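See below for the structure under consideration.
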């Protein structure tokens, strides 16, 4: 049973002692009762509550209206310059229609050096999304719209190998179609420098056909949605907080491992067993043995140090440092560009794999040769 909700009523200016009590049940029904602090229920108030409940039941039985909305999604510029993507032609994912905005977006970004005297400009090509959500009112519909946009940006981030995010949240269509400004309004125009649209190099992208099947699979597999959500958190963190980004990418891989392999628990302490083994076996699905072994060994150990001891391994420990050495690698940069980037690619490839391929039934992971030797 869910949380109990107590509703009171005022009759001719005075609050009645008789209260309506409601609680959702696990089977979808709603438990309704009357109660109060005194022993006797006010029969007049009880009859009024009965009428209110009847009206509410009839209202809930009516078909919910369709709320049309628009939103803006787009690529998030990173610290390392890359060719911006542009939607080549209109596309569709589930019930949402996508088209490239009428103009590009020019914005400023902080530099990795952490200075107040310099910045860099970035041009992106946002995407207008037309969607609809069925709900009693817009207040409820916007939650569904936000959830759909979250999954949409996650899928597009996988398909286009970049970071797509919601740039302008969903708003009812009657408010007008969401528009993209030519530049971020709070940035002075003279401070931005970028090539014009017709001179800016872009990478043309389209919505791949496999997204439809992926959307259907995600709607029925919560563990896949969870893995995608934590992967997107890793993208949000990667530039500024690489150690926490690694935690996110490893968690995404662990979530996928639970889709493929059955959990094993110690009979005595009930703790999880062979978590690292399941992790390595999952990584090997999309990486060759040598890469999988190196990433699993290095990434899993440093991730555990962050989770259990709070240790940071990347640029967070030296903010603003912008050094370059040829003969001796910089530990923080090596961590960020080898381990974190490697884990991101593995997590991305695994998510695409579970969204596109036939997922085998969950099974117990076979013991490795090392585990067989340990048991003898």
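Only the coordinates and a few stated rules stand behind these numbers; no lab work does. Bear in mind that the values here come from a model prediction, so they are computed numbers and not experimental data. A quick note on method: Cβ atoms are made from the backbone with ideal geometry, for glycine too, and the neighbour counts reach across all protein chains shown.
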* To do: Would you look at the GNM of the chain, springs on alpha carbons closer than 10 Å, and say which of 76, 41, 230 moves the most?
  => 41
* To do: With everything on Cα atoms, drop me the angle between helix 289-309 and the longest principal axis of the chain, reported from 0 to 90° to the nearest 10.
  => 60 degrees
* Tilt of helix 242-260 relative to the longest C-alpha principal axis of the chain, in degrees (0 to 90, nearest 10)? -> 70 degrees
* To do: Report the residues of the range 108-151 in range of a label on residue 219: point 7 Å along Cα→C-beta, backbone N strictly under 18 Å from it.
  => 130-136, 141-151
* Modelled FRET efficiency - R0 45 Å, residue 305 with residue 29, Cβ distances, 0.05 increments -> 0.40
* Asked: Distance in nm between label sites at residue 9 and residue 150, each 7 Å beyond Cα in the beta-carbon direction?
  -> 3.7 nm
* Structure fact -> Kirkwood Rh over alpha-carbon pairs of the range 222-375 plugged into Stokes-Einstein at 20 °C, 1.002 mPa s gives a D in µm²/s of 130 µm²/s
* Asked: Once the Cα atoms of helix 222-237 and of the chain are each reduced to a long axis, what angle between those two axes, in degrees from 0 to 90 to the nearest 10, is obtained?
  -> 60 degrees
* Asked: Beyond 14 Å, what percent of the Cα pairs of the range 45-115 remain?
  -> 77 percent
* So if R0 is 30 Å, what FRET efficiency would residue 109 and residue 316 give, r being the distance between their Cβ atoms, rounded to the nearest 0.05? -> 0.95
* Structure fact -> For the residue 201, residue 233 Cβ pair and Förster radius 25 Å, calculated FRET efficiency rounded to 0.05 is 0.25
* **Highest-fluctuation residue, 356, 274, 48 considered, GNM on the chain with Cα pairs under 10 Å** => 48
* Considering only 334, 201, 17, give the residue with the highest GNM mean-square fluctuation for the chain, with springs between Cα atoms whenever their separation is below 10 Å. => 17
